[in-house]
Amino acid sequence: MSSVVRGSQLVRLLDRWQSIRGPAGTRLPDYAALAGTVRGLVRDGRLALGVRLPSERELAEALAISRTTVSAAYRELRESGHLSSRRGSGSWTALPEGHRIATSGMWAPTDELDVIDLGCAALAAPPELTTAVGEALADLPRYSGGAGYHPTGLLELREKVARGFVARGVPTHADQIMIANGVQHAFDLILRLLVSPGQPVLVESPTYPNVLAALQAHRARVSTDNLDPRTGWDPDMLLGALRSGRPTLAYLIPEFHNPTGHLMPVSLRERLPAAAHRAGTDLIVDESFVDLPLGAASAPAVALFDRNARVLTVGGMTKPYWGGLRVGWIRAAAPVIARLSALRVAVDMAGPVLDQLVAVRLLDRADEVIAARRIQLAHQRDALVGALREYLPGWTFTVPAGGVCLWAELEAPVSTALAHAAHEEGVRLAAGPSFGVAGTLERFVRLPFTLPEDDLTEAVRRLAAAAANLDHSHPRERYAPALVA
Ligand SMILES: Cc1ncc(COP(=O)(O)O)c(C=O)c1O
C-alpha cells in the first residue's frame, strides 16, 4: 500500500535543503544536500514510509534544478536504503533494514520514587470520584440480584453515552453503543472483528503507541499518514493514502491528537467518511480527548458526516475522568455493536457492573468535572510552555489547543538518547520513535501536561540538564547526511 507525494508537496517539505551542511560544516554538492534532506525527512517521520516520490523530471522542475542532480540524489538514497525503486513504476521511501513497529507498547506509570513521570499522559482521579463510588455502591442492589453479565454494557450507561452524542448533534440510540473496559479494549475488540493478519491498516504518524502495539499483536500491515508537527493533517495526503492504499481499517485521532494536540479541521472531517467508503475502509475515530478543548472551539464529530456506517467512534472515561475506571465505549451501527458484543464472549464476557455505575454517577456531574479539568489542564499546559521557553528555548512546538500533550521538536534527532539521559536526571520520557515506526521521529518528544505545575517546571529543568549533557557528547548536526563513499 502506498501513497504519493507530489513535486509541489515535496518542495514544501524540503524547505531550505540547499543550506544543510556536511560534517564540520562543509558545503555539500546539491545532490548530497537533496539526498540528506530527504533522508532527514524520512527519519523525522515528516515523510512517511512507503510514499512514492515524484519522478526525477517532476522534482527537477519543481525545484528548478537539473534532472542529473535529482538522479544522483535518488541514486544515493537507493544506495543508503532510504528509497526502493522498481523500474517503470517509481521510487518509494524506505528505511535501511526494512521497518517494524517501534513501541514496546508499555506506557504504564512508573513506581520509582523521585522520578517525574512524563511517560504517561493521564490525570489523577477527580475529587468527585469518591462520592460517585459511594452512590454506585448504593445503586448496586438494583443489579446484584441478577447474574451481572451485560456484554453490551449497562443500559443506563449506554443511554447516557448515547445522549452525549445526541447533544453534539449526532443522532444515536443506545443500541448503537457498547461499553468496553477502556478505549484500548474497544480497539482490540474492533480489530478482532474487522482485521485479519496481513491486512493493511492506516494510522497517523505519530500516533498513540499502544494502538501500534495492538496492531502488531493482530499482525496487521501498518502504513502511516504523516502529520506535520506544526499544522497537522495534509488533507491531500490523507485522502490520497485512503484512495491508493485501500486499507481495511484506518485509525485516526481527530480530537486533540495524541501526541501532537492537533484538532482536525472541519473541511477534512466532512470529506473523510465518504473517502473511506469509496476505498472500502472502516474508520476508527478515537475521541479520547474530545471533552478537553483548552481555548479552541470544538469541531463537529466525524460520525456526523458518515452516510455509509463506515465510522466506529471510540471514547471513554480515561482522559477526562480517570484511567483506573477502565470504562470506554464504541459507537457504531447497531448490527456492528451486536457482533462486537457477541465476540466479547470469547474475550472477557462483560465489564464490571460497579465500575459502570461509577461512570454513570460521574457522567451525572460531567459539567462540573470537565470544567475543572479544563481549567487545571490549561494552567498546567501554560506552566509547561513557560518552562520550555525559559529552559529549552531551542525546542519548537505548536501550543496545543486541547488534550493533554505537547509535541516538541528538538534541535537534533536525539530523542532516544535524550530519554536515556533524562532518566539519569530523574525524568521518565516517551521518546519520539515510540509514536511511529522504527527509525523515525527521532527529532521529537511528547511532553504531557497531566502533572502538577511545579512538577512540570522541575521536569523541564531536568530535561534541560540532560539536553546540555547530550550536547557535549554529540555535536549538533542538522539532517547530517551519511557519507556514501
Ligand atoms: C488516543 C488514546 N486512545 C486510547 C487511550 C487509552 O485509553 P483507555 O485507558 O481508556 O484504554 C489513550 C490513553 O493514553 C489515548 O491517548
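For the reader, a short list of remarks on this structure follows.
- Principal axis extents of the C-alpha atoms in the stretch 3-93 (largest first, rounded to whole Å): 37, 25, 24.
- Once the Cβ-Cβ distance of GLU411 and ARG461 is raised to the sixth power relative to R0 = 25 Å, the FRET efficiency obtained is 0.90.
- Peptides 39-45, 271-277 ranked from most to least packed, by the mean per-residue count of other Cβ atoms within 10 Å: 39-45, 271-277.
- Counted residue by residue at 0.36 nm each, then reduced by the alpha carbon distance between them, the extension gain from ARG307 to ALA24 reaches 96.1 nm.
- Calculated FRET efficiency, ALA366 to ARG230, Cβ-Cβ distance, R0 = 35 Å: about 0.60 to the nearest 0.05.
- For the stretch 350-376, backbone nitrogen atoms closer than 12 Å to the point 7 Å from GLU135 Cα along Cα-to-C-beta are found at 357-369.
- Restricting attention to the stretch 3-93, close to 75% of DSSP beta bridges with both partner residues there are antiparallel.
- Model label zone, ASN469; criterion: amide N under 13 Å from point 7 Å along Cα-to-beta-carbon; scope the stretch 382-421: 417-421
- DSSP bridge orientation in the chain - percent antiparallel, rounded to nearest 5: 55 percent
- Hypothetical label at ARG86: residues of the stretch 241-255 whose amide nitrogen lies under 17 Å (7 Å Cα-Cβ projection): 244-247
- Taking each residue as 0.36 nm, the span from ARG339 to ASP114 lengthens on full extension beyond its C-alpha to C-alpha distance by 76.3 nm.
- Two-site label geometry, GLU159 and ASP348: point separation in nm, points 7 Å out along Cα→Cβ: 2.5 nm
- Tail fraction, Cα-Cα pairs, the stretch 128-363, threshold 30 Å, whole percent: 22 percent
- Largest to smallest principal axis extent of the C-alpha atoms in the chain, angstrom: 78, 50, 37
Bear in mind these aren't lab numbers, they're just calculated from the coordinates by the rules spelled out. All of these numbers come straight from a predicted model, not from anything done at the bench. Cβ sites come from the backbone with ideal geometry, for glycine too, and all protein chains shown count toward neighbours.
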